[in-house]
Amino acid sequence: MVERRLSAIMAADVVGYSSLMAADEAGTLDALKAHRSTQFDPLVRQYRGRIAKLMGDGVLVEFSSVIDAVECALEVQRELARTESPITLRIGINLGDVIIDGDDIYGDGINVAARLETLAEPGGVAISSIVQESIGNRIEAQFADLGDHTVKNIDRPIRVYKWPAEGGRPPQAAALALPDKPSIVVLPFDNMSGDPSQEYFADGVVEAITAALANIRSFFVIARNSAFTYKGKPTNVRDIRRELGVSYVLEGSVQRAANRIRITAQLIETENAAHVWAKKFDGSLDDVFELQDQITEQVAGALQPSIRLAEIERVKRKRPQDLGAYDLAMQAMPHVWSLEKSETETGLALLGKALEKDANYPLALSLAAWCHAQRSVYNWVDDVNATKAKALEMAELAASQSGDDPLVLSVLGTVHTILRNYATARILLEKAVSIDPNAAWTWSRLGWLEAYADRLEPALEHFEKSRRLSPFDPLTFNTYVGMASAYQGAERYDKAVEYFQRALHERPHAFWIYRSLAPVLVGAGHMEEARAAFAKLMEHFPDLTQQKVREAMVFSPQFMDRMLDGLAALGLREN
């Protein structure tokens, strides 16, 4: 029988950990250890908590009392604010049913706590409504009601309360350094159409403008995925300057009515919150791409007045013949990048409809190719080789239509990677970043290419560059998987375990990660944890075999031999 109990769960994570490590790895580790030994751990013991899981810079703590959990979190944050430590925490707390597995805990209540942590401010605490109701007036601190939030992998809205409440200001994370070139983030534009179903269209406008600006080599442009973490949130440009390390913010709105469209954009300088320019762009849906180009050119001219329009180094993506194909591709985008099986299937269905309208639309072809690539490498299909062939067919067709598009080149390079055509993949990926040096995902794919070659240092270098270009990217968990794989190739198993576990903390439903975590735990000598990870793997991949793993994954023969030896030791059958 499964053992369960009601517990208060505190999830804590270090703000900007990767940036701190990149700037001063030894100093950051020392500061984190000092905080753990002198403040965090003693306070957990004082409030009768139990550290249930460590995940690199993250931690899960179980309490039998919700009052103790909240008091502990508040005291941790107050103590940190009194010090000069570079460590800043976000903390989330939930009350829920948990499943007990030895010293470890699992369950939906833990997932909610982890999501609450991401909604907390740096130096702050976020709690669920059930925690707020449980503490009542028994704690002096005031929590502000942030309303209902929809979060990833939780099938219901969560009502969130935060501390400090309005008027309080938690300590801030260290500011990211400004690049030595004009730097900008394009924030999500507001959908002013009065129709929530048109949200994707406003997102598509931002996607296009971001891509066009990114192709100007003299600019530093924050990736779309990080920019979209600000969607629906009140923004302060000075905070954005600190959090993203940019000098300019482009924000605006999109209003679509029938066949007419109005785009309003304004460029803001982040140091003094000064407006550089603002303008309205009116046209028909037939003019949408021209309007996007106009905005891009005016932003470029404002940021770098000395350049002439003819000198703007950007690539215009081949546009679809049918705007309905564009709409469907934009709707598919978030599903494609989730790297979860059911989401990928939803994305493929939308892209299939887009290709019915325009069979040669490069964006839809590339995104579909990337979906098929995911299906093959994550063991989501039985016929891995046929799925890889389908990915190559679609990626090559996209490149034949738009061979100078960085995303198209990156997807084709990724597909050649999974086919183990490493030399071709490197040429394509390096060409993509020569066109768009701000392509965070392409830098990540170059990191993966080095990891596949068992080259630890260049892999980590590329992954960190990707992280700097997109500090809050939802795909960061995949970067952690890449870093873990690079450490795995170097047989640094404890470090690999740390990053695989951190990836799972970010994306608990990416069950394919257990395929790697289980043998790495064997290599690290943690057999009990390895058996638990292997059980989780087989729960979600009951037909998995050593042969299927070898067919799907792309690492070197010696890497795969070591990995499969670990899986075999846990009981994975050969065929």
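Before we move on, is ALA532 buried (at least 16 other Cβ atoms within 10 Å of the Cβ), farther than 17 Å from TYR378 by Cβ and at pLDDT below 95? So ALA532 passes the test.
Taken over region 409-438, the criterion of being within 15 Å of GLU461 (Cα to Cα) and either small (Gly, Ala, Ser) or more than 21 Å from the chain's Cα centre (by Cα) (or both) is satisfied by GLU430 alone. Screening TYR487 against (1) more than 17 Å from ASP57 (Cβ to Cβ); (2) surrounded by fewer than 24 Cβ atoms within 10 Å (Cβ to Cβ) leaves a single unmet condition, (1). Set side by side, the residues ASP565, ASP494 differ, and just one is within 30 Å of GLY92 (Cβ to Cβ) and surrounded by fewer than 22 Cβ atoms within 10 Å (Cβ to Cβ), which is ASP494.
Yes/no per residue for (1) surrounded by fewer than 21 Cβ atoms within 10 Å (Cβ to Cβ); (2) in contact with a Gly (Cβ under 7 Å, 6 or more places away or on another chain); (3) of a type in the set (A, V, I, L, M); (4) farther than 20 Å from ILE295 by Cα:
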| residue | (1), (2), (3), (4) |
| --- | --- |
| SER193 | yes, no, no, no |
| GLU199 | yes, no, no, no |
| PHE220 | no, no, no, no |
| GLY232 | yes, no, no, yes |
| VAL246 | no, no, yes, no |
| ILE263 | no, yes, yes, no |
| ALA274 | yes, no, yes, no |
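In region 207-215 there is at least one residue matching the filter, namely being polar (S, T, N, Q), under 22 Å from LEU178 (Cα atoms) and not assigned by TED's automatic domain parsing to the domain that holds LEU409. A residue that is more than 20 Å from THR442 (Cα to Cα), without any contact (Cβ under 8 Å) to a residue 24 or more places away in the chain, charged (D, E, K, R) and part of a loop (DSSP other than H, G, I, E, B) cannot be found anywhere in region 322-331. Taken residue by residue, region 55-77 has no member that is over 30 Å from ARG468 (Cβ atoms), modelled with pLDDT under 90 and not small (Gly, Ala, Ser). For ALA278, the conditions (1) modelled with pLDDT of 80 or more; (2) touching a Lys or Arg at 6+ places or on another chain (Cβ under 6 Å); (3) surrounded by fewer than 16 Cβ atoms within 10 Å (Cβ to Cβ) are fulfilled apart from (2). Scanning region 242-279 for residues that are of a type in the set (Gly, Ala, Ser) and either over 26 Å from the mean Cα position of the chain (by Cα) or in a strand (DSSP E or B) (or both) yields GLY252, SER253, ALA257, ALA258, ALA265, ALA273, ALA274, ALA278. Of everything listed in (1) surrounded by 18 or more Cβ atoms within 10 Å (Cβ to Cβ); (2) within 27 Å of GLU133 (Cβ to Cβ); (3) not acidic (Asp, Glu), the single unmet condition for MET55 is (2).
Counting only strands (runs of 3 or more DSSP E) that fall entirely inside region 78-133 and contain at least 1 residues that are within 19 Å of the chain's Cα centre (by Cα) and aliphatic (A, V, I, L, M), the qualifying elements are 89-101. Answer with yes or no whether ALA389 is surrounded by fewer than 19 Cβ atoms within 10 Å (Cβ to Cβ) and either over 23 Å from the mean Cα position of the chain (by Cα) or free of Cβ contacts under 8 Å to residues at least 24 places away in the same chain (or both). So ALA389 fits the description; yes.
Every test in (1) crowded, with 20+ Cβ neighbours inside 10 Å; (2) in contact with a Pro (Cβ under 9 Å, 6 or more places away or on another chain) is passed by LEU80 save one, and that test is (1).
ILE9 passes every criterion in (1) crowded, with 20+ Cβ neighbours inside 10 Å; (2) closer than 25 Å to ASP494 by Cα; (3) of a type outside the set (Ser, Thr, Tyr) apart from (2). Which of the numbered conditions does GLY49 fail, given that it passes all the others? Conditions: (1) at pLDDT 85 or above; (2) crowded, with 20+ Cβ neighbours inside 10 Å; (3) under 21 Å from TYR17 (Cβ atoms). In the conditions (1) at pLDDT 85 or above; (2) crowded, with 20+ Cβ neighbours inside 10 Å; (3) under 21 Å from TYR17 (Cβ atoms), GLY49 misses (3) alone. Checking region 335-347 against the condition returns a match, with at least one residue being at pLDDT below 95, touching a Phe, Trp or Tyr at 6+ places or on another chain (Cβ under 7 Å) and either more than 20 Å from ALA212 (Cα to Cα) or buried (at least 20 other Cβ atoms within 10 Å of the Cβ) (or both). Looking only at region 541-575, which residues are β-branched (Val, Ile, Thr) and under 22 Å from ALA451 (Cβ atoms)? If the condition is that a residue be β-branched (Val, Ile, Thr) and under 22 Å from ALA451 (Cβ atoms), then VAL549, VAL554 are the ones that fit.
With respect to the conditions (1) surrounded by fewer than 17 Cβ atoms within 10 Å (Cβ to Cβ); (2) not in a strand (DSSP E or B), LEU146 falls short on a single one, namely (2). For SER183, the criteria (1) touching a Pro at 6+ places or on another chain (Cβ under 9 Å); (2) within 23 Å of ALA432 (Cβ to Cβ); (3) modelled with pLDDT of 75 or more hold in every case but one, which is (1). Taken over region 392-406, the criterion of being surrounded by fewer than 22 Cβ atoms within 10 Å (Cβ to Cβ) and under 21 Å from MET553 (Cα atoms) is satisfied by LEU392, GLU393.
The values are calculated or read from the model by the stated rules, or taken from the named source; none is laboratory data. Nothing here was measured: the structure is a model prediction, and the numbers come from that model. We place every Cβ from the backbone using ideal geometry, glycine too, and count neighbours over all the protein chains shown.
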